[in-house]
Amino acid sequence: LERQPRGIFVCDGESVSDLAALGSALRSFRAAAVLLAGPVAFLPFWADSIGLHRTYRLIRPTATRLLVACGSRHPASLEQARHGAAIGLEVIRTPEAVQSDPDAVAGNLADHVAERVTKASPDALVVFGGDTLAAICRRLNWKKLRSLGEFASGVSISAADQADILVIAKAGGFGPAD
């Protein structure tokens, strides 16, 4: 990165270590007129790069009826979905075969999730992938999610204002298998 950059920087990575390395690189310069864009998982690294040491509230929900929606095709999310199913959680995921229309795939997954949320009334919906969460919110007509805190760094917990359900969400490519 330049020492005095100007412009828009789109930041992304495939792993937490990628985002940490990008955050470290950002510490080496003073930005004048810079706009950063990237995944929510990058926020703690960006904040640290500019000297903002965040405090956040860790929440451990007491949900007993969980529904997992895995719309991400990232290997980390696929492994997390397999682990969830192995320990007895209900997991809805996209087909493993590559589909030509990602929006249609997200819409189909959202249809299945909406049906299960309506029939099973889970107290928590765990979602892997931001596009998946957006599709589910549209399908369930959830206009707003109210942030409650974090389950872990990069794993948000929200409440759907239009439903009695916790929404636990993370970026598709992050987190250990369990």
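Odds and ends about this structure:
- Contact order for the range 90-156, expressed relative to its length and based on alpha carbon pairs under 8 Å spaced 6+ residues apart, stands at 29 percent.
- The protection proxy used here, the mean number of other Cβ atoms lying within 10 Å of each residue, ranks peptides 69-81, 133-145 as follows, highest first: 69-81, 133-145.
- For Ala69, residues with placed amide H under 5 Å, excluding near neighbours: Ile92, Val126, Val127, Phe128
- Residues Phe45, Phe174, Phe151, sorted by accessible area with the largest first, give Phe151, Phe45, Phe174 [1.4 Å probe; ligands and nucleic acids excluded].
- Förster radius 22 Å - calculated FRET efficiency between Ala152 and Asp103 (Cβ-Cβ, nearest 0.05): 0.15
- Asp123 accessible area, 1.4 Å probe, all protein chains in place, Å² to nearest 10: 40 Å²
- Normalised per residue, the accessible area of the range 111-178 is 49 Å², obtained with a 1.4 Å probe and no contribution from ligands, DNA or RNA.
The values are calculated or read from the model by the stated rules, or taken from the named source; none is laboratory data. Quick caveat: nothing in here was measured; it's all calculated off a predicted structure. For neighbour counting, all protein chains shown are included, and Cβ atoms are generated from backbone atoms with ideal geometry for every residue, glycine included. The protein model used for the area step is the full one, side chains on, heavy atoms only, and it has no ligands, DNA or RNA in it. Shrake-Rupley method; radii C 1.70, N 1.55, O 1.52, S 1.80 Å.
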